[in-house]
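Chemist: Sharing a structure here in structure tokens format.
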Amino acid sequence: MKTKTANSRQLDIHGNGSHQSAPETLAATLKRCRQSLGYFSIFATLPALLLPNIHEARTEDIKRTGPTVPEDKAKLRQRLNAGKNSDLLKRQSKFRLPHQNNFNPAFAGPDDCPGRPIAGGSYPAAAPYIEVGDTTGANNTVNAFYMYSFGYQTVSSPGPDHVYSFILNDLGPNAKIEVSTASPTFSPLIYVLEGGFSEACPAGTGGFASNGLMYVQSSNGIATINGQLMGYLPLHVPLYLLVDSRGQDEAGSYTLKMQNVTIAPPVTNAIDDPGFFVRQHYFDFLGRYPDEDGLRFWMNEITSCGGDQSCIDVKRINDSAAFFLSIEFQETGYLLYRAYKAAFGNLPDAPVPIKLNEFWQDRWDLSQGVIVNQPGWQQMLENNKQRFFNNFVRTSRFISAYPGSMTPSEFVDRLFANAGVTPSSTDRSAAVAEFGSASNITDASARGRALRRVAENPTLTAQEFNRAFVLMQYFGYLHRNPNDAPEGNFDGYNFWLNKLNQFNGDFAGAEMVKAFLSSSEYRQRFGP
């Protein structure tokens, strides 16, 4: 795997270079970030990103206020969206889904999925997007679909249909999608399917779609998704609009019109769209719907490159790494990792302390309601931490590992031993003191406070940083444990950990984030 040429040009995994090094580009990005939004205070200085004592950079609290997503709308949208060398990740291309092996976008048309892409651009009412079609003789791509967002119902759509694909970037006032016909025998049914994952639009004919967002039956030859309904469609998400009918043989000519909408340029794979890319990182690393300020900022980092692909590649890598490095993740996801490390040490015959299912189950307890830099976030985080540790030490696994008859000193010493940390006398005494004068550890609240002190120990935070960074590549990008198929062992994890350590934590120099972003296994989550 190449990393640099003789003149220090930074290379991506395919050998493409940029005259500006990734660290230099990242430094400039972070400077703008601090000046404009103060979005992540962990980015106080670039060296803090590349040194083990990264936790020190998180002590600066940057105040920022701005618009937030109203709670009810946010909840609604959440419901709507519910190797040892470079061959290590390349060989994952063998694990392609059957329908992806012969994909050719040139063959895509309105009669089959993924449908005809709608050209990117802004379409005001004075110059709407207009398409004329005729479903006569077309395939019945989707025979029925399930509405999970409105009414939780299955809708039959046995008629011949046409498919259009697009990504909404923005909605203007009175945005709408309208399909009209002059045919007295054709009553169009239009519906929208949510995309962004493999087979979101069924391949072949007579398929069933479980990802319906909304549908409208025509009245007097016109079916309209009006401005109110358009507001329920998610932005920055691949969507499929189907022009269909409720009758098996019912077909005819129609006119499709879309107005007061901004459409993103078409992409073959959803993850190549800047908005979807950033949005997905909020789900994968922070476990929540994106706040509008953050989404806009990280999207702009990518779109500011224009058509410069080298710039886009660097910005995508920096955006991606920023989610792991953020205060929000460090104080939730990474703290969870350290809690498991201190409580139980590494898993048997494994170099990591936590499994993916454990991480997903417990992360919500720490991250619930936390959006850094929005009013009250520090208190929300503190409340979550207290509740999490209080509950964690009451689990059957923890109780069986730490009998109540243990002395506080024995308890604390075992926690530090599991963590692999030799504590200072001050740190050890502070943890033991949580039990007061008690001679045992039956006080569950004291157990939780002592465990938290060990999990938040600066030495542990620095020591496990690179290990957690690598593990989260597997959890966040690939949604699996490092030793799950197709690898079946920790060779890949150890390879990337060794490489990250070799580059002193510089993820850009190690090309780690780049490799996972470009891997077939990651990209196939969202399309071909």
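Chemist: Any idea what the dipole of the stretch 453-528 comes to, in debye rounded to 20, about its Cα centre with Lys/Arg Cβ at +1 and Asp/Glu Cβ at -1?
Modeler: That gives a dipole near 140 debye.
Chemist: Mind grabbing the accessible area of S156 for me, 1.4 Å probe, Å², rounded to tens?
Modeler: Taking all protein chains as shown, S156 has close to 60 Å².
Chemist: Sticking with this structure for a sec: How much FRET efficiency would the formula 1/(1 + (r/R0)^6) give for S210 and T407, where r is the Cβ-Cβ distance and R0 is 41 Å, rounded to 0.05?
Modeler: Efficiency at R0 = 41 Å is approximately 0.15.
Chemist: Where only protein heavy atoms count, and the probe is 1.4 Å, what is the accessible area per residue for the stretch 108-251 in Å²?
Modeler: With all protein chains present, the stretch 108-251 gives 39 Å² per residue.
Chemist: Let me ask something else about it. With every protein chain kept in the model, how would you rank E292, E328 by accessible area, 1.4 Å probe, largest at the top?
Modeler: Sorted by accessible area, descending: E292, E328.
Chemist: Same structure again: Below 8 Å between Cα atoms, with a sequence gap of 6+, how large is the relative contact order for the stretch 239-371 in percent?
Modeler: 18
Chemist: Still on this model: What number comes out for accessible area per residue over the stretch 347-432 if the probe is 1.4 Å? Units Å², please.
Modeler: Each residue of the stretch 347-432 exposes 50 Å² on average to a 1.4 Å probe.
Chemist: Mind scanning K315/K385; K315/K499; K385/K499; K257/K315; K385/K514; K355/K385 and naming the pairs with a C-alpha gap bigger than 30 Å?
Modeler: Listed pairs above 30 Å: K315/K385; K385/K499; K257/K315; K385/K514.
Chemist: Leaving ligands, DNA and RNA out of it, report the carbon-plus-sulfur percent of the accessible area of the stretch 484-528 at a 1.4 Å probe.
Modeler: Exposed carbon and sulfur together represent 44 percent of the surface.
Chemist: While we're looking at this one, here's another question. So, taking all protein chains as they sit and a 1.4 Å probe, how much accessible area belongs to K514, in Å² rounded to tens?
Modeler: 30
Chemist: Ranked from the most accessible area to the least, with a 1.4 Å probe and all protein chains present, what is the order of V513, V314?
Modeler: Descending order: V314, V513.
Chemist: Hey, another quick one. Considering only protein heavy atoms and a probe of 1.4 Å, how much of the accessible area of the stretch 344-450 is carbon and sulfur, as a whole percent?
Modeler: 50
Chemist: Using DSSP to call loops (not H, G, I, E or B), can you name the chymotrypsin sites (Phe, Trp or Tyr not before Pro) in the stretch 141-170 whose Cβ has at most 10 other Cβ atoms within 10 angstrom?
Modeler: Passing both the DSSP loop test and the Cβ count: Y152.
Chemist: Okay, moving on. Using the beta-carbon distance between T136 and I222 and R0 = 25 Å, what value does 1/(1 + (r/R0)^6) give for FRET efficiency, to the nearest 0.05?
Modeler: Computed FRET efficiency for T136 and I222 comes out at 0.85.
The values are calculated or read from the model by the stated rules, or taken from the named source; none is laboratory data. Only a predicted model underlies this, so the values are computations on that prediction, with no experimental measurement involved. Using ideal geometry, Cβ is built from the backbone for each residue, glycine included, and neighbour counts are taken over all protein chains shown. Surface areas here come from the heavy atoms of the whole protein model, side chains and all, with no ligands, DNA or RNA. Shrake-Rupley method; radii C 1.70, N 1.55, O 1.52, S 1.80 Å.
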